[in-house]
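Asker: Have a look at the structure that comes next, please.
We did not get these values from a lab; they are worked out from the coordinates using the rules stated. All figures in this text were calculated on a predicted structure; none of them were measured in a lab.
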Amino acid sequence: MDGADQIQWRTLDMVKGGGAALLREKIVDSTSKKLVIIVDEKKLAKTLGGPQPIPVEIVPFGYSSTVAKIRKISEKAVLREAAGKAGPVITDNGNLIADVFFRSLRRPEIVHEKLKNIPGVIETGLFLQMCDVAYVGRKDGRVDILRRS
């Protein structure tokens with residue numbers, strides 16, 4: 001059981017890693033027999049992306065050239081700055097997080113592969129074909145149950 005930063009209502013593809021632990025989350029989520037996600041209705045989307053950035057974990061060495069290459073395939077990419085301290089966010093693995101923006105990801109699997117092919121990229125926050133069931137809490141107290149088709 002886990003949460004998500006954004007989930008596509010038809011495919012149950014997700015964006016995760018807003019807390020900068022996307023590599024570890026992906027390892028844990030990929031080992032589950034059945035992945036159940038719990039979100040509120042604000043996290044549902046027709047397509048992934050939009051105002052929601054895609055977190056991308058990158059190695060510190062050569063990070064500026066990695067981010068420059070990411071910018072070539074995205075709308076915008078910025079190194080995530082830490083709140084309350086000077087400098088970038090450092091993951092539990094000692095890496096950096098780039099927040100990458102796309103207007104709309106109609107084919108997230110293609111974007112995922114393009115990002116993964118950039119030297120220095122460790123992992124993306126695109127969790128594709130992993131969620132089996134999503135429980136969506138509504139303002140009125142109802143809960144919708146979505147299943148991957």
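Asker: So if I take the centroid of the Cα atoms in segment 1-54 and the same for segment 75-96, what is the distance between those two points in Å?
Answerer: 20
Asker: Follow-up question, since we're still on this one. Shape verdict for segment 80-149, please, from the Cα gyration tensor: rounded (a/c under 1.5), prolate (a/b greater than b/c) or oblate.
Answerer: Oblate shape, in that a/c is at least 1.5 and b/c is the bigger or equal ratio.
Asker: Please report how many Lys pairs in the chain have alpha carbons closer than 19 angstrom, counting only residues at least 8 apart along the chain or sitting on separate chains.
Answerer: So the count works out to 22.
Asker: Helix-only mean residue ellipticity at 222 nm, the chain, DSSP H runs n ≥ 4 weighted -39,500 (n - 2.57), per residue, nearest 500. What is it?
Answerer: -6000 deg cm²/dmol
Asker: Also: Please list the non-local residues whose amide H lies under 5 Å from the amide H of Gly50, H modeled 1.01 Å from N, same-chain partners needing a gap of 5 or more.
Answerer: Sorted by chain and number, the residues that satisfy this are Phe102, Arg103, Ser104, Leu105.
Asker: Label segment 6-147 by shape, choosing from rounded, prolate and oblate, from the square roots a ≥ b ≥ c of the eigenvalues of the Cα gyration tensor; if a/c is under 1.5 it is rounded, and otherwise prolate applies when a/b is larger than b/c, oblate when it is not.
Answerer: Here segment 6-147 falls in the prolate category.
Asker: While we're here: Rounded, prolate or oblate: pick one for segment 15-66, where a ≥ b ≥ c are the square roots of the eigenvalues of its C-alpha gyration tensor, a/c under 1.5 means rounded, and failing that, prolate if a/b is larger than b/c, else oblate.
Answerer: Oblate is the answer for segment 15-66, as a/c is 1.5 or above yet b/c matches or exceeds a/b.
Asker: Long-range amide H contacts for Arg80: which residues qualify at under 5 Å (H placed 1.01 Å from N, peptide plane, sequence gap of 5 or more or a different chain)?
Answerer: The answer is Val89, Ile97, Ala98, Asp99.
Asker: Only Cα pairs under 8 Å and at least 6 apart count here; give the relative contact order of the chain as a rounded whole percent.
Answerer: Answer for the chain is 34 percent.
Asker: To check you understand DSSP bridge types, tell me what percent of the beta bridges within the chain (both residues inside) are antiparallel, rounded to 5.
Answerer: 75
Asker: With θ taken as phi - 60° and the coefficients 6.51, -1.76 and 1.60, list the Karplus ³J(HN,Hα) couplings across segment 82-95 in order, rounded to whole Hz; mark glycine and proline as x.
Answerer: 6, 8, x, 8, 7, x, x, 5, 10, 6, 4, 8, x, 9
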